[in-house]
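Peer 1: Shown below is the structure under consideration.
The values are calculated or read from the model by the stated rules, or taken from the named source; none is laboratory data. All values reported here derive from a predicted model rather than from experimental measurement. No Cβ is skipped: glycine too gets one built from the backbone with ideal geometry, and neighbour counts run over all protein chains shown.
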Amino acid sequence: MRRTLKSDRLLEKAFGAGQLDFFSALAPLREWDTFQRYLGPVRQVEWVVYAKRPFAGPEQVLDYVGRYTHRVAISNNRILDIEDGMVRFRWKDYRCGDQQKTMMLSADEFIRRFLIHVLPSGFQRIRYYGLLANRHRDEQRARCRELLGMAQPEPPEGKADDDYRDHYERLTGASLCECPACHIGRMAPFRTLAPIATAPPVVDTS
C-alpha cells in the first residue's frame, strides 16, 4: 500500500500544479472533489509491482523481435525424422536450463501445433508507421536522405515490370519456367481458367 499512497500524493501534487489535463469523458475530473472520488477505489487495491530488467541494448531488441518476425514456428534442421505418421524433432526446455530435448508427435498433432503459429487470413504480422509506412515510404526515405546529405541509392537491377519468376531467376539462377521433367523446354501458359462466379446450387435430396 505504501507505493499506492506515494502515487496518490504525486497525483494530487500534479493536479494542484495544473499538470494534469482531462478531456472528453474525463472532463469532470477537472474538479477536485470528483478527482478525489475517482482515486478512492484505487486506494483500496493492493498493487503488486512487477518490473523486469530493461533490454541490454538495440542489438538484443532486434535479436529478440527477429525470432518472431522473420522465422517460422520450427526450422527444418530441428526436424529429425518423419516416418510411419510420426514426427520427431528437437526442442529447447527453458525450465531445465535450456536443455535440448527430443519429442515425438503424430503428424496430425504436429500440424495442429504448427498451425497455431500461422496468422489467420487478413492479419498482418508487421505494420509500419511513420517514415516506414508503405504508402509514402519511398518519398519519405528519399527526403530523409536529402536532408541528411546522403546519396540516393542505386535503382535495383531488373525491369520495373519483372514479376516474381524473373526475380526468382536473378536470385537463384534457376528458372521457374523451365520444364521440371526434361530441364530443356520452357513452360508457358496456354489457357486461363475463369473463376466460378457463384457457387453451384445445392440439390435437396431429402
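Peer 1: Return the only residue of VAL87, VAL61 being aliphatic (A, V, I, L, M), touching a Phe, Trp or Tyr at 6+ places or on another chain (Cβ under 7 Å) and outside any helix (DSSP H, G or I). Don't jump to the end; show me each part of the working.
Peer 2: Working: VAL61 fails: outside any helix (DSSP H, G or I).
Selected residue: VAL87, the only one of VAL87, VAL61 that is aliphatic (A, V, I, L, M), touching a Phe, Trp or Tyr at 6+ places or on another chain (Cβ under 7 Å) and outside any helix (DSSP H, G or I).
Peer 1: Could you tell me whether PHE35 is surrounded by 10 or more Cβ atoms within 10 Å (Cβ to Cβ), outside any helix (DSSP H, G or I), at pLDDT 85 or above and among the hydrophobic types (A, V, I, L, M, F, W, C)? Before the answer, list the steps.
Peer 2: Details: surrounded by 10 or more Cβ atoms within 10 Å (Cβ to Cβ): yes; outside any helix (DSSP H, G or I): no; at pLDDT 85 or above: yes; among the hydrophobic types (A, V, I, L, M, F, W, C): yes.
So PHE35 fails the test.
Peer 1: Inside region 88-134, can you point out the residues that are on the phi > 0 side of the Ramachandran plot and not small (Gly, Ala, Ser)? Walk me through how you get there before you give the answer.
Peer 2: The initial filter retains those residues of region 88-134 that are on the phi > 0 side of the Ramachandran plot, namely 97-98, 122, 130.
Residue satisfying the conditions is ASP98 alone.
Peer 1: Moving on to the next point. Could you list, in sequence order, the residues of region 95-108 that are exposed (fewer than 12 other Cβ atoms within 10 Å of the Cβ) and outside any strand (DSSP E or B)?
Peer 2: Across region 95-108, the qualifying residues are ARG95, CYS96, GLY97, ASP98, ASP108.
Peer 1: Give me the pairs, please: first residue somewhere in region 46-60 and more than 25 Å from ASP8 (Cβ to Cβ) and surrounded by 10 or more Cβ atoms within 10 Å (Cβ to Cβ), second residue anywhere and at pLDDT 75 or above and of a type in the set (Phe, Trp, Tyr), beta-carbon distance under 8 Å, and either six or more positions apart or on two chains.
Peer 2: If the second residue must be at pLDDT 75 or above and of a type in the set (Phe, Trp, Tyr), the pairs left are PHE55/TYR64.
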